[in-house]
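One structure is given here, and the rest of the page talks about it.
Laboratory data are not the source of any read-out in this text; all were calculated from the coordinates shown. Everything quoted here is computed from the prediction, not taken from an experiment. Heads up, the Cβs are rebuilt from the backbone with ideal geometry, glycines too, and the neighbour counts pull from every protein chain shown.
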Amino acid sequence: MSKIEKIYQFLSENHHWNETFQLEEYKKCLTHCSTAKHRLIALLHMVAHTQSKPKLGSLATFWEHLEDAPWTRRAPSLLEFTAYIEKRGSPYADSTGPWDRLFQALKNVKGWGPKTAALFIKSIIGLHRSNLAYLYCLKDAECARSFDDADRIYLPVDAVIRRVFEACRVTPLGKSFYPINATLYRAGYTAEQMLVWDDLWFWGFFTQDSSSGGRKIGWNKARFWGQLSAPKSEVETIHALSKKFLKIVMA
């Protein structure tokens, strides 16, 4: 089994940890929202502001555009939402499915880009696969539960994930968003499996320290305890699993 296969196996076996963490984050962000439109905009805000230096001017224009969206008292469908985003970005004729189409539209909106667009796609799918129906913001939630064979979900490659792959020392992976995603798809990973690959962020986040410049590899106790959604009662389990994760990555 290759190192990449071993990492994926670890992620797959421990998928529930990141899934639970992210659902707690969605509840913090969305519970106060009174309408589906409000929840959709709040989720977009949550994701956009994960950027280290969000372009507030460009984003302000986008937020203004969303306020004019026509679905005031109802949730839009995925297609309606995508078509509305395309008014600020641009349609992409070669998209491979509905989620790829939304990704292509959102990444072309000023202030977004591929990593942030991919993170939003992952987030809205995760939300609509959960049992938190009161937080849904799309009327066709079933669209998140399975994918067209040709559709694509992209790994939101950020500094955390880049550092994990750098530590792996596997040359063909690439060092940025598009090469890494292309390599994983060429290796045969499906859209469904790309959602599992996103767990790299969870394990990478708690095993990196960027407080002194660069990204030092190792269990980051301070970062774990600094996250409200971290499973505090399971700290010893997460610590042990993090060491197992790093052992695979650094081998």
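Overview of results
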read-out: Residues located in the range 89-116, provided they are part of a loop (DSSP other than H, G, I, E, B) and either touching a Gly at 6+ places or on another chain (Cβ under 6 Å) or crowded, with 19+ Cβ neighbours inside 10 Å (or both); value: Gly89, Asn108, Val109, Trp112
read-out: Long-range neighbours under 7 Å by Cβ, at least six apart or interchain, first residue among the small types (Gly, Ala, Ser) within the range 63-79, second surrounded by 10 or more Cβ atoms within 10 Å (Cβ to Cβ) and part of a loop (DSSP other than H, G, I, E, B); value: Ala75/Tyr136; Ala75/Cys137; Ala75/Leu138; Ala75/Lys139; Ser77/Leu138; Ser77/Lys139; Ser77/Asp140
read-out: The range 67-83, residues that are within 18 Å of Val47 (Cα to Cα) and surrounded by 17 or more Cβ atoms within 10 Å (Cβ to Cβ); value: Leu78, Phe81, Thr82
read-out: Output for the range 221-246, where each listed residue is within 22 Å of the chain's Cα centre (by Cα) and charged (D, E, K, R); value: Arg223
read-out: Contacts under 7 angstrom Cβ, first residue in the range 39-52 being farther than 12 Å from Tyr26 by Cβ, partner assigned to a helix (DSSP H, G or I) and charged (D, E, K, R), 6 or more apart; value: none
read-out: The listed residue being small (Gly, Ala, Ser) and within 30 Å of Pro172 (Cβ to Cβ), out of Ser34, Ser2; value: Ser2
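Table: residues versus (1) within 23 Å of His15 (Cα to Cα); (2) of a type in the set (D, E, K, R).
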| residue | (1), (2) |
| --- | --- |
| Ser95 | no, no |
| Leu132 | yes, no |
| Tyr136 | yes, no |
| Asp140 | no, yes |
| Ser146 | yes, no |
| Asp149 | yes, yes |
| Asn181 | yes, no |
| Ala191 | yes, no |
| Trp197 | yes, no |
